[in-house]
1. Which whole-Hz couplings ³J(HN,Hα) result when phi for each residue of region 31-47 is put into the Karplus expression 6.51 cos²θ - 1.76 cosθ + 1.60, θ = phi - 60°, listed in order with x for Gly and Pro?
2. Taking the Cα centre of region 1-49 as the origin, how large is its charge dipole in debye, to the nearest 20, when only Lys and Arg (+1) and Asp and Glu (-1) carry charge on their Cβ atoms?
3. Given a Förster distance of 30 Å, report the FRET efficiency between GLU165 and ILE134 from their Cβ-Cβ distance, rounded to the nearest 0.05.
4. Could you give each residue of region 22-30 its phi-based ³J(HN,Hα) in whole Hz, using Karplus coefficients 6.51, -1.76, 1.60 with θ = phi - 60°, and x for Gly or Pro?
5. Let's see if you can work this out: charge +1 on each Lys and Arg Cβ, -1 on each Asp and Glu Cβ, no other charges. What is the dipole magnitude of region 35-157 about its Cα centre, in debye to the nearest 20?
6. Just the number please: accessible area per residue for the chain, 1.4 Å probe, all protein chains included, in Å².
7. List the residues whose amide H sits under 5 Å from the amide H of PHE61, counting only those 5 or more places along or on another chain, with H placed 1.01 Å from N in the peptide plane.
8. Evaluate the relative contact order of the chain (contact order divided by residue number), counting alpha-carbon pairs under 8 angstrom at least 6 apart; express in whole percent.
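The values are calculated or read from the model by the stated rules, or taken from the named source; none is laboratory data. Since the structure is predicted, the reported quantities are computational estimates derived from the model, not experimental observations. We place every Cβ from the backbone using ideal geometry, glycine too, and count neighbours over all the protein chains shown. Protein only, heavy atoms only, side chains kept; ligands, DNA and RNA dropped before computing areas. Shrake-Rupley method; radii C 1.70, N 1.55, O 1.52, S 1.80 Å.
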Amino acid sequence: MVSIIIPLHNLGLKGDYCLKRCLDSILAQTYNDFEVLLMENGSSDDTVEVAKTYCQKDNRFKLHILETIGIANARNEGLKIAKGEYVSFIDGDDTISDNFLESSNNILTNNPKIDFIFTSWAFYYDNKGTTKYIVKHNENKILTPAKYLDHQAACIIWAKVIRRETLINNNIFLDNKIFGYDDFLFGNELYFASKKYALCADACYYYTQNRKNQTTKTKLQNMTEGTLVLINRLTDLYKKY
């Protein structure tokens, strides 16, 4: 089973409903053995109401209201309670192709020792309704991190199906102190802790850009402090490997 972990924060927006688009893409999956952990993260709009409608229509969707705010914390809590052998982190305003889980599972079935699958991924421009591939794998391929450094595979937390045991055994969780870059460190830690990973050519993750009503608020001090922590952690990690 795959546990899909989705942090929720103001994704309803009373008409935009990007969360509905995300969850509909999961419902459309051709592979059915999954659970969806909806980690509510301090929304002030109708996100919770949208999430509840999916939980009511499909018992694979489960809503968890968190007391501690932060996307890193939301993902960590989801990882802790996940029941699947594999996990996949999806942002609530993004979508996945309908064969995302099935294509990944086919590779994992034939190669049970793989630590994670890295799929193709593309930008989806919400304001235009257009798609642009950023990473398009031409074929399925098994790789060894120690022999081949794939910067995209090392840096990205989404567009992946990850063996949960690899994360737990290596104590790989997201760091709330690394404001804005926690997923970058997480991806590197996973990459170097893995013995084998696979590129999946068929499946695709669609990363939303220019979403309607999308706003980004960044605190310079938090970003600066987070960058310093990230540099120190990455330096230690690269020295180790």
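1. 3J(HN,Hα) across region 31-47, in whole Hz: 10, 9, 8, 8, 10, 10, 9, 8, 9, 5, 10, x, 6, 10, 10, 9, 4.
2. 120
3. Plugging the Cβ-Cβ distance into 1/(1 + (r/R0)^6) gives 0.55.
4. 4, 5, 5, 5, 6, 4, 7, 4, 7
5. Its charge dipole is roughly 460 debye.
6. Accessible surface, normalised per residue, equals 49 Å².
7. HN-HN under 5 Å from PHE61: VAL36.
8. 23
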